[in-house]
Structures are given as C-alpha cells and as structure tokens.
Amino acid sequence: MSRGPVRRPTQADIARLAGVSQATVSLVLNERDDVRISPTTRERVLAAIREWGYVANASARSLAGGQNKIIGVYTFEPVFPTTSVDFYFPFLLGMEQAAAELGYDLLMFTSVGGERQLFRDGATRLSLADGALLLGRDPNVEEVERLRDTGYPFVYVGHREVSGAPVSYVAADYAGATRQLTERLFELGHRRVAYARIGDGDAQPSRDREKGFRRAMPAGEARRLTGPVWTLDSADDVPGLLAEIRHGGITAVVAEQVLLAEELLACAQGHEMAVPDDLSIVVLGDSTGARRTDTPWTGLVVPREQMGRRATHLLVRLLETPEPDARRENVECPLMPGATVAPPRREQ
C-alpha cells in the first residue's frame, strides 16, 4: 500500500523541538550575521531541521489559493554545457510551453559548487516554488526519498524507483517500444537477436529497455528467441562484440546507444559486412556521445518534449487537487522506420 505525504513541519514545530523561539529558528535559517546566536543553539536548531525534514518556506504565499504559481525545475547534472544540450533542451521546452499554458512560471534551481544537493543545512530552496520537476540521469536517490518524506510536491521526469513509498513520475515507455522493435525483427525472419549496450546496465532506463527486449515474443510461438545481452565497458570493445556476433550466428542487434550502433556499423563495414543485409541494427534512442552520422537508424525516439509537458501538467494537477497516492504515467515512444533493418540474407 502506498503512503501519502506526511504533514510538513513548520517553523513553530522546529522551535518547539529545539527548545527555542520561532524567531531564533528564522534567524538560523536566514543566516543573519547582525544577531549573535550561540553555536550550540544554532546546531540544536539545525539538528531538529535535519531530523524532521523541515522545508523552509522562503517566500510568502499569495493570498488567493496560497500559491506563488511558480514551478521549480531541478536537474541533478549541469544543464548548460554543450554536451547536455541535446538531452535537456527538449525537456525544458516542453515544460516551458506547458507552464505558460497553465499560467505558471518556471524557476531553475542549481547547486553552488561541488556535488549537487537538494538539501543544505537541513533545508531546501525548492520551497521558493509551489512544487518542482526533477530530472537527471544519475540522481541522488536518498535526497529524492528525503524530499518525498517532507511532503513537498514534485514529479520526477523519468522512471524513478525508490525505497519505501513511491514517487510520482512521468517516464518514456522504453519497455513497450523495445519489445515492438524486437518483435519486428522476428517478423522479418530473424531468429538470433542480441542486445548490447555500453556502460551501466543498472540504470533505470537501461533496465526498462532490456525488460522490453526480454519480453519480446515471435508471433505464433510459445518461446522467446532473444539471444544474449552484452554490456561493454567502452566503444573500444566493439571489435570483440562483432566477433561474438559472427561466431554466434547473430543476424540482428538491438543497440541501446546511438554511439554503439555507429561503432558497430563502422566495424562491420571494415569486415565487409553490410548493414542491414548481413546485420540488422535497431537503436534505442540513447544519444549520449553519438557522433551524429547521417545513418537513418531504425529505432525509437525518446519523447523528451512530451515528457516535459506531461510532467508539468501532472505536477499542476497535484498542486491544485492534491492526491494521497503517487501518480505514474508512461509516454509512448515513436518508432523510426529507418533503413538499418531488413530480412536476414540467409539462415544462420
């Protein structure tokens, strides 16, 4: 059974727990230098804040509805480096469009130096906004769980599993799209199909994609025909992967990353193997590190803009009509017909 959000502690609660006045709590939170507070008292207040997950409400709520009509956006990785442009921009575009339609402003949050943190000295600046959209490929899950336990409203953009009560999220339906693409290979006559990726196979998007691959079932058959799942340390391992493909009679590969597909294509061509005649390649939309060749890949499109829009709509719905249970939505991934898949040239 899922657990609804608990009541967020107030400054008065923290003052009572720390045995100080509410004014003292306010002075500690605002880091006032013109009023002397003993280190012992300050630490007692901060300890109560940390223990009870107090979220400072640093801005006065508007009289109508008790909201600022502001949505926070927090990313666990930097947004603006050029290497992140293709990943984050569509999300932000969808969020901005939806927020404007719904009458909300967006407020971007970043951490100052070092590791990105939602909480600092027991508090979070996200409280400047009515609620927040969180996204990132490598989040601090403990902080996400802590934010959930404060009762602060947020929606994660992407599939996010946590310990304890679930959190609300909007995710791409990687499993469904990967299964469709793999079954398409079976329809074309492939009987030895493998899955390959570079890097961490434990990341949630990678697990979702692999799940879809393993669930694929040829029409009219009672057994699955999917082959091995390979996880490479780097693109340098692609020649060894190609050797395994040739040795195992694999005629089609489902590649998680565009970069892997690019390297596999180049390596295959170097061994006089034609794509798709000798080897079909499906790409599952992860563009990390891709060189952007002109190859018309067959695969899926990550619906980042639509995910940003849906997550914004979900958050506003939760703000305006609070619900006790977490909400989880999946966005369908469009499929690209491309030109890198064909029937196998011969039975292997």
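Tabulated data
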{"quantity": "Whole-Å semi-axes of the ellipsoid equivalent to segment 185-285 (Cα gyration tensor, √5λ, descending)", "calculated": "20, 18, 11"}
{"quantity": "Fraction of accessible area attributable to carbon and sulfur, the chain (%, probe 1.4 Å)", "calculated": "49"}
{"quantity": "Antiparallel DSSP beta bridges within the chain, percent to nearest 5", "calculated": "10"}
{"quantity": "Percent RCO, i.e. relative contact order, over the chain, from Cα pairs under 8 Å lying at least 6 residues apart", "calculated": "19"}
{"quantity": "With eigenvalues of the C-alpha gyration tensor scaled by 5 and rooted, segment 309-348, Å", "calculated": "44, 12, 4"}
{"quantity": "Helix axis angle, 258-270 relative to the chain longest principal axis, alpha carbon, degrees", "calculated": "20"}
{"quantity": "Long-range HN-HN contacts of V167 with modeled amide H, under 5 Å", "calculated": "V162"}
{"quantity": "Full-extension gain in nm, S21 to L93, via 0.36 nm per residue minus C-alpha separation", "calculated": "21.5 nm"}
{"quantity": "FRET efficiency estimate (nearest 0.05) - Cβ-Cβ, R292 to N68, R0 45 angstrom", "calculated": "0.65"}
{"quantity": "Full-stretch length increase - E244, L102 - with 0.36 nm per residue and alpha-carbon distance subtracted", "calculated": "45.9 nm"}
{"quantity": "Computed log₁₀ I(q)/I(0) - Debye formula, equal Cα scatterers, no solvent, the chain, q 0.08, 0.10, 0.12 Å⁻¹", "calculated": "-0.49, -0.70, -0.89"}
{"quantity": "Length added when fully stretched, V162-E143, from 0.36 nm per residue minus Cα-Cα", "calculated": "5.8 nm"}
{"quantity": "nm² value of the averaged projected area, convex hull over the Cα atoms of segment 220-348", "calculated": "11.5"}
{"quantity": "Interchain or long-range residues, amide H under 5 Å from T288's placed H", "calculated": "V258"}
{"quantity": "Average accessible area per residue (Å²) across the chain - probe 1.4 Å, nucleic acids and ligands excluded", "calculated": "49"}
{"quantity": "In nm, spacing of pseudo-spin labels at Q117 and E187 (7 Å Cα→C-beta vector)", "calculated": "5.2"}
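The values are calculated or read from the model by the stated rules, or taken from the named source; none is laboratory data. These numbers were taken from a predicted model, which means no experiment stands behind them. Note that each Cβ is placed from the backbone with ideal geometry, even for glycine, and that neighbours are counted across all protein chains shown. In case anyone asks, the SASA skips ligands and DNA or RNA and just uses the protein heavy atoms, side chains included. Shrake-Rupley method; radii C 1.70, N 1.55, O 1.52, S 1.80 Å.
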